[in-house]
1. Could you tell me which numbered condition Thr44 fails, if it satisfies all but one of (1) under 18 Å from the mean Cα position of the chain (by Cα); (2) polar (S, T, N, Q); (3) more than 17 Å from Ile67 (Cβ to Cβ)?
2. Can you tell me which residues in the stretch 46-78 are under 16 Å from Phe104 (Cβ atoms) and either in contact with a Pro (Cβ under 8 Å, 6 or more places away or on another chain) or among the aromatic types (Phe, Trp, Tyr) (or both)?
3. Which of the residues belonging to the stretch 68-91 are open to solvent by 50 Å² or more (accessible area, probe 1.4 Å) and either free of Cβ contacts under 8 Å to residues at least 24 places away in the same chain or not in a helix (DSSP H, G or I) (or both)?
4. Step by step: first the residues of the stretch 51-62, then only those that are of a type in the set (A, V, I, L, M, F, W, C) and surrounded by 14 or more Cβ atoms within 10 Å (Cβ to Cβ), then the one that is modelled with the lowest pLDDT. Which residue is that?
5. When Ile93 is evaluated against the numbered criteria (1) under 30 Å from Ala37 (Cβ atoms); (2) modelled with pLDDT under 80, which criterion, by number, is the only one it fails?
6. Being acidic (Asp, Glu), under 17 Å from Leu15 (Cβ atoms), surrounded by 15 or more Cβ atoms within 10 Å (Cβ to Cβ) and in contact (Cβ under 8 Å) with a residue 60 or more places away in the chain: is that true of Glu102 here?
Amino acid sequence: MEQAKVIIMKFIVCLIAFWIGLDLFFDATISDIVSFAVTTTVITYIIADRILLPRIGKTNTLMAEFILAYLVVWIFGSILLDGYLQIAWGSVISAGIITATEVFVHQYLLKHIKGTEKNQRQHRRFRPGFRYATEFAEEQDPRGKKNKDE
């Protein structure tokens, strides 16, 4: 049930972002907006939220989601949309809006979804409580002889 909430949230965010980025400033049809929203929702959910978020963290996943949303509009927009300017600015605006709202989706995912491996991976990381000391000493000749240069 939690996964369905996340997918619905992502889909609504993508619909709003593509409506603003592609239809408000440019002329796009409702079928273009819905197809971009479905494609972006599926791709970013599988790649970013399920694979990358538990492994690389929130900040790096946000950067990856921006690139994914940008590429989805750029690649499929070159096929479906007519104007180059619409593809260029529509992809930047839409990807920016999606990335800005994904901050809240990632917080929700990390807090409520038990499938994330954050707690399991945390035990394998470096613990800052350990103190490591470094020893400084003169090097000794292993054969017991002193260097002739001294």
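The values are calculated or read from the model by the stated rules, or taken from the named source; none is laboratory data. Keep in mind that this is a model prediction, so the values were computed, not measured. Note: ideal-geometry Cβ built from the backbone for every residue, glycine included; neighbour counts use all protein chains shown. Side chains are part of the model used for accessible areas, which takes the heavy atoms of the whole protein and leaves out ligands, DNA and RNA. Shrake-Rupley method; radii C 1.70, N 1.55, O 1.52, S 1.80 Å.
1. All conditions are met except number (3).
2. Phe66
3. Passing the criteria: Leu71, Trp74, Ile75, Ser78, Ile79, Asp82, Tyr84.
4. In this case the residue turns out to be Leu53.
5. The number of the failed condition is (2).
6. yes
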